[in-house]
Amino acid sequence: MILNSDVESFGENFISQIRIADSENTLKSISDEKLVIIGKEVCESSETWGNEQGSLTSIKNVLNENGIVVTINDRLLPIMRFQSTYELCPEYVNRLESLFIEE
């Protein structure tokens, strides 16, 4: 029997990447568990994104609703958009990709 002791828990990479990107410590008081919940809310909001700017507005609203005050120009918004989708909700990658496809 082989045991893999290097198993990543759900959201571990997401948390790591967001903590690194949070250079202004906006999320310092948010627990890792709560950060994963917020990340899931971000990617689940992707059904309303419509376009790139709309996605940033939606993500800003999710963060604000969770007591995290950010502006629309906060660099954390596009990072949350990308990391939450790829790490927490890969089933919504097509929604993210559709924001950047030129027709």
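The values are calculated or read from the model by the stated rules, or taken from the named source; none is laboratory data. As the structure is a prediction and not an experimental result, all values here were calculated from the model. Note that each Cβ is placed from the backbone with ideal geometry, even for glycine, and that neighbours are counted across all protein chains shown.
Checked against the criterion of being in contact with a Cys (Cβ under 8 Å, 6 or more places away or on another chain) and not aromatic (Phe, Trp, Tyr), the candidates Ser29, Ser23, Ser58, Ser84 yield just one match: Ser84.
Is it the case, given these coordinates, that Lys28 is of a type in the set (Lys, Arg), on the phi < 0 side of the Ramachandran plot and more than 13 Å from the chain's Cα centre (by Cα)? Judged against the criteria, Lys28 is a match. The residues of the range 54-69 that are within 14 Å of the chain's Cα centre (by Cα) and more than 13 Å from Glu41 (Cβ to Cβ), listed by number, are Ser55, Leu56, Thr57. Taken together, Glu24, Glu33, Glu44 contain a single residue that is acidic (Asp, Glu), free of Cβ contacts under 8 Å to residues at least 60 places away in the same chain and in a loop (DSSP other than H, G, I, E, B), which is Glu24. Out of the residues in the range 82-103 that are in a helix (DSSP H, G or I) and touching a residue at least 40 places away in the same chain (Cβ under 8 Å), which is surrounded by the most Cβ atoms within 10 Å (Cβ to Cβ)? Filtering first and then ranking leaves Ser84. Residues that are of a type in the set (A, V, I, L, M) and without any contact (Cβ under 8 Å) to a residue 40 or more places away in the chain were ranked within the range 70-81; the one that is nearest to Arg19 (Cα to Cα) is Leu77. The condition of being in a helix (DSSP H, G or I) and either surrounded by 19 or more Cβ atoms within 10 Å (Cβ to Cβ) or out of contact with any Cys (no Cβ under 9 Å at 6 or more places or on another chain) (or both) holds for Asn64. Give the number of residues within the range 71-81 that are surrounded by fewer than 18 Cβ atoms within 10 Å (Cβ to Cβ) and either at pLDDT 95 or above or not basic (Lys, Arg) (or both). Looking only at that region, the number is 5.
Identify all residues within the range 38-61 that are modelled with pLDDT of 95 or more, farther than 22 Å from Glu12 by Cα and surrounded by fewer than 18 Cβ atoms within 10 Å (Cβ to Cβ); write none if there are none. Across the range 38-61, the qualifying residues are Thr57, Asn61.
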